[in-house]
Amino acid sequence: MQDAPLSQDKPILAIRDLHLEFHDHGRPEVVVEDLSFELRRAEILGIVGESGSGKSMTALAIAGLLNRHALDCSGTILFDGVDLLHCGRATLRRYQGDEISMIFQEPMTSLDPLQRIGMQVEEALRIHRAELSAAERRKMAIRAMAAAGLPDPEQVYGMYPHELSGGMRQRVMIAAATVLKPQILIADEPTTALDVTTQAQIIALLRTINAEDQTAIVFISHDLSLVRQLCHRVIVMRKGVAVESGASDEVFRNPRHPYTKALVDAIPKVVLER
Ligand SMILES: Nc1ncnc2c1ncn2[C@@H]1O[C@H](COP(=O)(O)OP(=O)(O)O)[C@@H](O)[C@H]1O
Ligand SMILES: [Mg+2]
């Protein structure tokens, strides 16, 4: 793990009392309960917890992608002086893909199978930089693809998703998410569908993006060893509640909450000792 950014850095994102509750089938189901945390500039923040603990719902809330149907939301998500939880669609769209981007576990489902890779990497440019010419867009897309570690980006630009491996598709998603160098990148289980070697490469890429562009990253995973390798700070969630948070080295070396202890004990020893 790299050094944490200066702690006096102002938070770029402040989440206060985030509360998300479904009410679709009879009994309301609270999925995120009074969650508060901050993300600092250039910080990599991990959110861990077993499946169903509310990690993805939290990620979608930050990215402004919650499907509000049958969902009650309260609290605030402050970015740039705006409450992303309560602002209008137009305001959200101003930030999405420009200042705040998100990548998902399975890039095949988030990529359009019928559209060439280049078009998809350029999407945020068409939305947020309409003044650019097609040639300028292409240049920026290819630069982002090269930065995301895609070999021969000029060729990949004209390819379709099915022609690429899972790891390459995730790199395409990362290129599309970072083409405008957002302040915040939200990565929800971005390596879960990948083999161990590819997983390590994607983690290294996220670390480079963070270091070179000062992009703050919210890294969501149920894999504690990955979080420990990558993240400066970590939040442990259980059933919608943050049960513990702190510097990730500290939390993993000296877990306080019994749930965190159980998660840490479940990490294979060989990984911990690396
Ligand atoms: N449409 C829905 N109606 C009711 N509950 C839902 C709905 N979608 C998700 N949930 C519940 O929200 C909880 C949190 O889900 P999620 O954020 O995806 O967890 P995680 O990403 O940590 O695995 C889960 O218990 C899930 O069952
Ligand atoms: Mg999830």
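The values are calculated or read from the model by the stated rules, or taken from the named source; none is laboratory data. Only a predicted model underlies this, so the values are computations on that prediction, with no experimental measurement involved. All Cβ positions, glycine included, derive from the backbone under ideal geometry; neighbour counts span all protein chains shown.
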Tally the residues that are touching a strand residue (DSSP E or B) at 6+ places or on another chain (Cβ under 6 Å) and either more than 15 Å from ligand 1 (Cβ to nearest atom) or of a type in the set (D, E, K, R) (or both), restricting the search to region 207-229. 4
Would you be able to tell me the number of residues in region 55-82 that are in contact with a His (Cβ under 7 Å, 6 or more places away or on another chain) and within 12 Å of ligand 1 (Cβ to nearest atom)? 2
Has region 48-68 got at least one residue that is within 14 Å of residue 188 (Cα to Cα), part of a loop (DSSP other than H, G, I, E, B), within 16 Å of ligand 2 (Cβ to nearest atom) and among the polar types (S, T, N, Q)? yes
Sole residue being crowded, with 22+ Cβ neighbours inside 10 Å and either of a type in the set (A, V, I, L, M, F, W, C) or without any contact (Cβ under 8 Å) to a residue 24 or more places away in the chain (or both), chosen from 159, 168, 237: 237
Examine region 170-187 for a residue that is in a loop (DSSP other than H, G, I, E, B) and among the hydroxyl-bearing types (Ser, Thr, Tyr), and state whether such a residue exists. no
Residue pairs within 9 Å by beta carbon, gap of at least six or interchain, first lying in region 116-140 and without any contact (Cβ under 8 Å) to a residue 40 or more places away in the chain and on the phi < 0 side of the Ramachandran plot, second among the small types (Gly, Ala, Ser) and part of a helix (DSSP H, G or I), listed first then second, are 119/141; 137/118; 138/118
Qualifying position, being β-branched (Val, Ile, Thr) and either closer than 30 Å to residue 17 by Cα or at pLDDT below 95 (or both), among 82, 156: 82
